[in-house]
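Scroll down for the structure; my scribbles are underneath it.
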Amino acid sequence: RRLLGTAGAAGAAGLVAGGAAGAGIAAAAEDRPAALASVGAAHIPFEGAHQAGIVEPAQARGHLVAFDLAPGAGRGAAAALLRRWSDAVREMTRPGRPGTPAVYDDQVADDAGPSSLTVTFGFGRTFFARTGLTARLPEALAPLPDFPADALDPRRSNGDLWVQIGADDALVAFHALRVVQRAAAGTAAVRWQMNGFNRTPGATARPRTARNLMGQIDGTNNPKPSEPDFARTVFVPAAGSAASAAASAAGGGGTGTSPAWMAGGSYAVVRRIRMLLDSWDHLPVARQEKVIGRRKSDGAPLSGGTGTTPVDLERIGADGALAIAGDAHIRVAAAASNSGAAMLRRAFSFHDGIGTDGTPDAGLLFIAWQADPMRGFVPVQRKLDGADGLSRFLRHEASGLFAVPGGAGPGEYVGQSLLE
Ligand code: HEM
């Protein structure tokens, strides 16, 4: 798998693949350009200890969709749905030429490879009461607290089931969305749906420089898979493991151990964050950089160095003031300012046209992954809500929290250990 945090390596692989595909250009002749063939061929396995779509770099296209179970659909119907969904995704993510899911085929993705398609499934808090499974509801799925600056639309928030779809081709992503929706017919209905995007692979020779719609390099100080506590930050440890004992001993405001069926899983916090781009664009670049604490051109921290230099929050600038201001986003959000709270951010940008006020309805579909939201998103957002210089340019408009179980093994479906 391509891993988030090793984007440099993934980028290099992408360029190599482009070269290799270049060699095949004669065979492909005028049929299709080489770069597209390399994007289409990229394959992320569906099966594994963790679900796909968490540690891999975010794809060029994303669809987030939440479902509510139909009246009368209980545990058996939900299990059958997760089985249908898992079988369809296994088929669509097959290396080489992906298969046609039995549940539905509109031919929209015909002629395309898997294009790094991932489909990730999660359960919302309300799922457990509807399926008679409240005894297995994770403590960590307690509703998120109200944050004073929130402007949430309940119709676009939460839901019984959540599906995250990502692919590096828009048609492959749309096809997967239709398959997921068609497979749910009669069992669950769409509650809300959001569309996002990121940079297209191959658009830049520097793939680490994923930029958001404010123009900032975003994701630099994410936990990296190479770091010793990466797995502990992002994934729920297996019950009884040393990591599980360490997590409960750590306490620190967390919710303790998760149920055994969540081993290898993660909790996703989803926020539709509108960027107030017209106000933001009026700020001179130097002010924009102060608000974040990093340079816009290359993402270097204002404490000095390059984009990869560690942040020095203590550094005093030539003017005698803190180089990274007291209300800079990276100071207020840093693990060091929040008793070590950390999460893996893996976002998609969104743009849903121009709003009635004439400004872009655009921003970030922010997705934070962590082993325990009480040791990740919640304490950090509590701090950001009041103290972050960036919050004046943002509006949190929708919110969800989902328990995303571990990955399926061969022949299994996602969520099987909860539902069987
Ligand atoms: C860092 C932008 C919302 C948590 C950053 C950085 C940027 C950024 C540009 C610096 C580069 C990096 O390390 O990734 C934004 C934008 C947001 C947003 C545009 C909203 C539209 C949030 C939210 C949270 C969050 C809601 C969590 C509750 C963090 C964390 C860091 C960070 C933990 C790393 C801080 C560090 O240790 O250096 N963000 N962010 N951000 N952000 Fe955000």
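The values are calculated or read from the model by the stated rules, or taken from the named source; none is laboratory data. Note that the structure is predicted; figures quoted are calculated from it, not measured. Cβ sites come from the backbone with ideal geometry, for glycine too, and all protein chains shown count toward neighbours. Remember, those area values only see protein heavy atoms, side chains included, never the ligands or the DNA or RNA. Shrake-Rupley method; radii C 1.70, N 1.55, O 1.52, S 1.80 Å.
Checking each residue in region 342-368 for being closer than 18 Å to residue 55 by Cα and touching a helix residue (DSSP H, G or I) at 6+ places or on another chain (Cβ under 7 Å) picks out 342, 343, 344, 368.
Check region 217-235 and report whether any residue there is touching a residue at least 40 places away in the same chain (Cβ under 8 Å), under 30 Å from residue 70 (Cα atoms) and crowded, with 20+ Cβ neighbours inside 10 Å. Taking every residue of region 217-235 in turn, none turns out to be touching a residue at least 40 places away in the same chain (Cβ under 8 Å), under 30 Å from residue 70 (Cα atoms) and crowded, with 20+ Cβ neighbours inside 10 Å.
Exactly one residue out of 288, 381 is assigned to a helix (DSSP H, G or I), within 13 Å of the ligand (Cβ to nearest atom) and under 23 Å from residue 143 (Cβ atoms): that is 381. Against the list (1) within 24 Å of residue 377 (Cβ to Cβ); (2) open to solvent by 40 Å² or more (accessible area, probe 1.4 Å); (3) not hydroxyl-bearing (Ser, Thr, Tyr), the condition residue 314 fails is (1). If the condition is being assigned to a loop (DSSP other than H, G, I, E, B) and either modelled with pLDDT under 95 or near the ligand (Cβ under 9 Å from one of its atoms) (or both), then region 230-242 contributes 237, 238, 239, 240, 241. Just need a number here: residues in region 338-348 that are open to solvent by 40 Å² or more (accessible area, probe 1.4 Å) and either within 9 Å of the ligand (Cβ to nearest atom) or assigned to a strand (DSSP E or B) (or both). Here the count works out to 1. Scan region 296-311 for residues that are without any contact (Cβ under 8 Å) to a residue 12 or more places away in the chain and buried (at least 16 other Cβ atoms within 10 Å of the Cβ) and the total you get is 1. Residues in region 146-159 that are surrounded by 12 or more Cβ atoms within 10 Å (Cβ to Cβ), of a type outside the set (A, V, I, L, M) and under 23 Å from residue 255 (Cβ atoms): 147, 150, 157, 158, 159. Any residue that is assigned to a helix (DSSP H, G or I), at pLDDT 95 or above and surrounded by 24 or more Cβ atoms within 10 Å (Cβ to Cβ) - is there at least one of those in region 160-169? The answer is no, given that none of the residues of region 160-169 is assigned to a helix (DSSP H, G or I), at pLDDT 95 or above and surrounded by 24 or more Cβ atoms within 10 Å (Cβ to Cβ). One residue stands out among those in region 79-114 that are of a type in the set (Ser, Thr, Tyr) and closer than 22 Å to residue 404 by Cβ: the one that is modelled with the highest pLDDT, which is 86. The selection criterion, being among the β-branched types (Val, Ile, Thr), part of a helix (DSSP H, G or I) and either near the ligand (Cβ under 10 Å from one of its atoms) or crowded, with 18+ Cβ neighbours inside 10 Å (or both), does not hold for residue 414.
Looking across region 116-136, the residues that are of a type in the set (A, V, I, L, M, F, W, C) and surrounded by 17 or more Cβ atoms within 10 Å (Cβ to Cβ) come down to 117, 119, 121, 123, 127, 128, 133.
Applying the selection to region 106-151, what residues are in contact (Cβ under 8 Å) with a residue 40 or more places away in the chain, acidic (Asp, Glu) and in a loop (DSSP other than H, G, I, E, B)? Hits for region 106-151 are 106, 150.
Among the conditions (1) under 26 Å from residue 65 (Cα atoms); (2) more than 9 Å from the ligand (Cβ to nearest atom); (3) open to solvent by less than 20 Å² (accessible area, probe 1.4 Å), residue 363 misses just one, which is (2).
Condition check ((1) open to solvent by less than 30 Å² (accessible area, probe 1.4 Å); (2) outside any strand (DSSP E or B); (3) away from the ligand (no atom under 11 Å from the Cβ)) across all residues:
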{"site": "269", "(1), (2), (3)": "yes, no, no"}
{"site": "279", "(1), (2), (3)": "no, yes, yes"}
{"site": "325", "(1), (2), (3)": "yes, yes, yes"}
{"site": "350", "(1), (2), (3)": "yes, no, no"}
{"site": "358", "(1), (2), (3)": "no, yes, yes"}
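For region 54-74, the condition holds for at least one residue, the condition being that it is free of Cβ contacts under 8 Å to residues at least 12 places away in the same chain and either surrounded by fewer than 23 Cβ atoms within 10 Å (Cβ to Cβ) or part of a strand (DSSP E or B) (or both).
The residues listed here are 320, 293; of these, the one that is near the ligand (Cβ under 9 Å from one of its atoms) and either among the small types (Gly, Ala, Ser) or surrounded by 14 or more Cβ atoms within 10 Å (Cβ to Cβ) (or both) is 293.
If I go through region 366-378 residue by residue, how many of them are in contact with a Pro (Cβ under 8 Å, 6 or more places away or on another chain) and more than 10 Å from the ligand (Cβ to nearest atom)? Residues meeting the conditions: 1.
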